Amino acid sequence: MKLDVRQLERVSNLFRAFAEVTRLSIIQELKDGELTVSEIVGRLTTSQANVSKQLKLLHDAGLLTRRKQGTQVLYRIADPMVFELCRTVCEKLNRDAVKPAKLRF
């Protein structure tokens, strides 16, 4: 069954959410569980403004959930399929590498 244009756009938007290093770094940091915005900022080498922007994009794409706890907002992965997808990509890159440097997500 072929997807119609609207469905293909949804797929494209999902893949677009993975197409930025900071967003992938955030996903990787959230692998072990939920974190506050401040905790994520502290683990990355980018500004809070950039982290907040990327978190919003990931949330809007349906990849993250968020909840408020007092004055803090905590984020977590909405669906573990995110990690399956990343593992699949890493496996493909490892197969294609001339000198494999095992990539793991």
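Values quoted throughout were computed directly from the atomic coordinates according to the rules given, and no laboratory measurement underlies them. No experiment lies behind these values; they were computed from the predicted model shown. Ideal geometry is used to build each Cβ from the backbone, glycine not excepted, and the neighbour counts take in all protein chains shown.
General remarks:
- Tabulated pairs, the range 42-65, first touching a residue at least 24 places away in the same chain (Cβ under 8 Å), second of a type in the set (Ser, Thr, Tyr) and part of a helix (DSSP H, G or I), C-beta under 9 angstrom, 6+ apart or interchain: 46/22; 46/25; 50/22; 51/22; 54/22; 54/25
- For the range 1-30, the set of residues classified as among the acidic types (Asp, Glu), over 16 Å from residue 82 (Cβ atoms) and either touching a His at 6+ places or on another chain (Cβ under 8 Å) or in a helix (DSSP H, G or I) (or both) consists of 9 only.
- Taken over the range 31-60, the criterion of being in contact with a helix residue (DSSP H, G or I) (Cβ under 8 Å, 6 or more places away or on another chain), under 22 Å from residue 84 (Cα atoms) and in a helix (DSSP H, G or I) is satisfied by 31, 40, 54, 55, 57, 58.
- Condition check for residue 14: touching a residue at least 12 places away in the same chain (Cβ under 8 Å) and of a type in the set (A, V, I, L, M): yes
- Residue within the range 77-87 that is in a loop (DSSP other than H, G, I, E, B) and surrounded by 14 or more Cβ atoms within 10 Å (Cβ to Cβ) present: yes
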